Every structure is written in structure tokens, then in C-alpha cells.
Amino acid sequence: MAAPCPEDPSLERHFKGHRDAITSVDFSLNTKQLASGSMDSCLMVWHMKPQSRAYRFAGHKDAVTCVNFSPSGHLLASGSRDKTVRIWIPNVKGESTVFRAHTATVRSVHFCSDGQSLVTASDDKTVKVWSTHRQKFLFSLSQHINWVRCARFSPDGRLIVSASDDKTVKLWDKTSRECVHSYCEHGGFVTYVDFHPSGTCIAAASMDNTVKVWDVRTHRLLQHYQLHSAAVNALSFHPSGNYLLTASSDSTLKILDLMEGRLLYTLHGHQGPATTVAFSRTGEYFASGGSDEQVMVWKSNFDVVDYREVIKVHRPPAPLATSGNLPEVDFPVPPGGGRSQESVQSQLQEPISMPQTLTSTLEHIVGQLDVLTQTVSILEQRLTLTEDKLKQCLENQQLIMQRTTP
């Protein structure tokens with residue numbers, strides 16, 4: 001069990017700049033940037049450092065439905081109602097490459113943990129997987145019979161989970177491209193789905209006002225929450241795996257304690273539906289967006305363990321437990337799963353195998369390579385445009401020559 005809560009979640013700041021409902025939010029790896037997408041067709045990249053100017057990226061021709069930072073934080077993907085996906089370099093220039101990803105609205109974009117592939121979901125009823133740097137189509141998953149609202153990679157990148165208006169959640173094997181299982185327990189459109197940080201469970205949100213948690217190995221329903229009074233639009237796991245954050249059309253955010261199987265907090269911040277939520281990569285903050293055009297950043301406070309340290313030493317998150325009125329979970333708590341904060345901190349003092357300077361240098365190199373490949377991709381696009389224009393000029397010249405020749 002976690003140590004006693006020092007205080008409740010608190011609203012740190014809110015960002016105003018969008019001109020329509022917020023559809024999606026996501027933090028960069030180092031929590032220095034927060035991206036948001038909106039029905040106003042723009043992406044905003046907000047800086048967590050006070051008094052820093054935000055970047056507004058215009059490029060999509062219609063509503064931006066989803067945003068996701070790459071694992072390194074050096075690239076940002078967005079999907080839109082204009083049927084395209086854009087990959088941006090989130091700096092002041094805001095350069096992007098664009099590709100026609102689907103034949104209908106793109107509802108979801110998500111990078112694999114290695115940053116090499118991207119999964120997209122669409123109203124054309126398909127889930128598609130792409131090579132990140134070449135924006136090359138790899139394969140399609142097409143067993144849903146209605147719009148696909150969300151698709152996410154598992155933490156190890158071996159599985160994909162998708163949620164659809166056909167009221168199902170489907171689990172896919174990335175290598176075989178087969179549907180491993182369909183979860184059909186929801187009574188309404190499934191709006192959002194994501195993997196638990198351990199990769200052993202999935203949580204799905206639905207328009208039937210519920211959140212359900214399943215084991216991906218046994219496919220058993222582990223937990224069922226009916227706490228909102230309207231559709232649940234999004235959810236996000238805390239990096240520890242112990243908490244789940246939800247956003248609903250009832251205008252509230254709720255924080256669930258998964259170990260106890262109970263509601264911890266209900267937060268009232270948005271005027272009108274809360275449409276999106278996301279924890280930062282360390283869990284120290286979370287962001288929310290709503291139809292009130294506001295992006296809010298909250299300080300978690302409810303979990304006192306410093307998860308930046310926990311993540312650094314790769315301590316596996318504790319598995320879920322359920323409350324008495326829910327189905328039992330048949331996997332045991334790992335050794336140390338119930339230790340106090342003090343014992344966790346004593347574990348953290350063990351030396352980390354890789355020096356911090358080397359880690360930082362490697363991260364910087366990976367980031368620079370990301371930017372370099374993206375720049376090459378942009379240059380390739382420009383070269384193609386130039387070639388097309390040159391071809392058009394030559395064709396026009398030939399036409400003029402033919403007309404002038406008697």
C-alpha cells in the first residue's frame with residue numbers, strides 16, 4: 001500500500017488559446033511540453049515553464065482529433081477529420097510531414113514504445129500500423145464493423161488493443177496480425193482503451209457510463225466501475241499502475257484506486273463535458289481538456305512515491321487487486337508489492353547500472369536522429385513537389401510549342 005496521502009490533487013494552471021473543444025492532450029517525456037488537439041483544426045504545444053510562449057501549429061484542414069508524443073519527445077503525431085496524420089517537430093518552426101492515412105476521420109494515433117512504428121484508428125473501421133520515419137504503411141487490422149475510436153500498443157509493443165462503436169474491444173497480435181480476443185461486455189460505443197503499465201491488463205471507457213478492466217492473458221473481467229452519470233470519454237493509467245484517471249461528459253474527472261477497487265477523488269474543473277485526460281510520464285502531473293476550450297494541468301499529490309526514481313530502476317508496477325464485490329484476481333502480489341514508502345526508497349538507493357550522463361547523451365543522440373530523419377522526410381516531400389511542378393512546366397511548354405507550331 002502507498003503511504004498516506006499528503007494532500008488532494010490541485011489545479012496548477014490552465015491554458016487558454018484554442019477556439020473550440022479540446023479533443024486530446026499528451027505530455028512529452030520530460031514533462032516540459034504539453035500538446036493539445038482541438039476541433040479548431042489546430043495543435044498547441046504548451047510549455048510547462050511559466051511565462052513561456054505556446055506554439056500553435058496549423059496544417060490540418062479540419063478538426064484535430066488526437067495527439068501523441070514519440071517516446072523520446074522529439075516528434076509529435078496528430079490525426080484529423082481531414083483523414084490525414086501529421087508528424088511534427090515540436091519546436092518554434094513546427095515543420096511537419098503529412099500522409100493520407102485513412103479514407104475517413106482519423107480518431108487515434110499512438111507511437112510504439114521503441115518509437116519505430118505508429119498505430120492509427122479511423123472511422124473507416126480499420127486500425128493501421130505505419131513505419132514512423134518513412135510514414136510507410138505496414139499493415140491493416142480490419143475486423144471491426146463500425147468506427148474505431150482508439151488503438152494503442154502494449155508497453156512491450158507485441159500487442160495492439162482497439163476500441164470501437166461496434167461496442168467491442170479487440171486485442172491483436174502485432175506479429176501474426178490476428179485478433180486474439182474480442183471483449184463484448186460493453187453496452188454502448190467504446191470510446192477509449194489503454195494498457196496497464198505492466199501490460200497485463202486493459203481498461204476501456206464507454207458511452208454506457210462505465211469503465212471496465214480485463215486481464216489480457218485470461219480475458220477475464222477484473223473490475224467494473226459505474227461511477228459517472230454520463231459517457232466516459234477517456235482514461236489514463238498512472239505510471240505506477242495503481243491509479244486510473246477518467247474524463248466524462250458529466251463534466252467531472254475521477255481518480256480510481258485500482259488496488260482497492262474504489263473511487264478516490266472526483267474533480268470538478270470543466271464547464272461542460274471533460275473530453276480527454278493524460279498523466280505525465282512520471283505521474284507527477286496530469287492534464288485534462290474539455291468542450292469549454294480549456295486545457296488544465298493538475299498536480300497529482302495523492303501518491304507520494306517519487307515515480308521518476310521508480311521508473312529509473314524499472315521496478316515493475318504492482319498488479320491490480322479488486323474489491324470484495326468484484327471477480328477475484330488470480331495472480332499474486334509480487335514480493336515487495338505491499339511494502340511501505342520507506343522500503344521503496346531504500347531500494348532506490350541501490351546503484352543504477354548506467355551512468356546518468358551516458359543515459360542523457362544517448363537520449364540526446366536518439367532525439368537528434370529523430371529530428372534528422374524527420375527533416376530528410378520533409379526535404380523528400382519538398383523535392384517531390386518541385387519535381388511535380390517541373391513536370392507540369394515541361395508539359396505546359398510542350399503544349400505551347402504544339403500550339404505555336406504551324
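Within the bounds of the range 172-182, is there any residue that is assigned to a loop (DSSP other than H, G, I, E, B) and out of contact with any strand residue (DSSP E or B) (no Cβ under 8 Å at 6 or more places or on another chain)? Please lay out each step first, then the result.
We begin by selecting, within the range 172-182, every residue assigned to a loop (DSSP other than H, G, I, E, B); these are 174-178.
Still in the list and also out of contact with any strand residue (DSSP E or B) (no Cβ under 8 Å at 6 or more places or on another chain): 175-176.
For the range 172-182, residues assigned to a loop (DSSP other than H, G, I, E, B) and out of contact with any strand residue (DSSP E or B) (no Cβ under 8 Å at 6 or more places or on another chain): present.
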Fill in the blank from the handout: Counting only residues in the range 143-171 that are of a type outside the set (S, T, N, Q) and over 18 Å from the mean Cα position of the chain (by Cα), the one most open to solvent (accessible area, probe 1.4 Å) is identified as ILE145
Practice task
Could you grab me the full set of residues in the range 105-114 that are among the small types (Gly, Ala, Ser) and surrounded by fewer than 20 Cβ atoms within 10 Å (Cβ to Cβ)?
Solution key: SER113
Practice task
Take the residues in the range 200-250 that are touching a helix residue (DSSP H, G or I) at 6+ places or on another chain (Cβ under 9 Å) and of a type outside the set (Ser, Thr, Tyr), then tell me which one is surrounded by the most Cβ atoms within 10 Å (Cβ to Cβ).
Solution key: HIS238
Exercise for the section: Go through the range 20-39 and give me each residue that's over 22 Å from THR246 (Cβ atoms) and either at pLDDT below 95 or within 19 Å of the chain's Cα centre (by Cα) (or both). Expected result: SER28, LEU29, ASN30, LYS32, GLN33
Practice task
Answer yes or no as to whether LEU263 is farther than 18 Å from VAL295 by Cβ and open to solvent by 20 Å² or more (accessible area, probe 1.4 Å).
Solution key: yes
Handout entry: Which numbered condition GLY188 misses (of (1) surrounded by fewer than 23 Cβ atoms within 10 Å (Cβ to Cβ); (2) over 18 Å from LYS125 (Cα atoms); (3) among the small types (Gly, Ala, Ser))
Key = (2)
Handout entry: Failed item in (1) in contact with a strand residue (DSSP E or B) (Cβ under 6 Å, 6 or more places away or on another chain); (2) open to solvent by less than 10 Å² (accessible area, probe 1.4 Å), with THR126 passing the rest
Key = (2)
Problem - Pick from the range 73-104, criterion over 18 Å from ARG152 (Cβ atoms) and of a type in the set (Ser, Thr, Tyr), ranking: surrounded by the fewest Cβ atoms within 10 Å (Cβ to Cβ) - result: THR103
Practice task
Identify, by number, the condition in (1) under 29 Å from SER198 (Cα atoms); (2) at pLDDT below 95 that VAL127 doesn't meet.
Solution key: (2)
Problem - Any hit, the range 207-219, residues being farther than 18 Å from SER108 by Cβ, more than 17 Å from the chain's Cα centre (by Cα) and of a type in the set (Phe, Trp, Tyr) - result: yes
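The values are calculated or read from the model by the stated rules, or taken from the named source; none is laboratory data. These numbers were taken from a predicted model, which means no experiment stands behind them. Cβ atoms come from the backbone with ideal geometry, glycine included; neighbour counts cover every protein chain shown. Accessible surface is based on the protein model in full, side chains and every heavy atom, while ligands, DNA and RNA are left aside. Shrake-Rupley method; radii C 1.70, N 1.55, O 1.52, S 1.80 Å.
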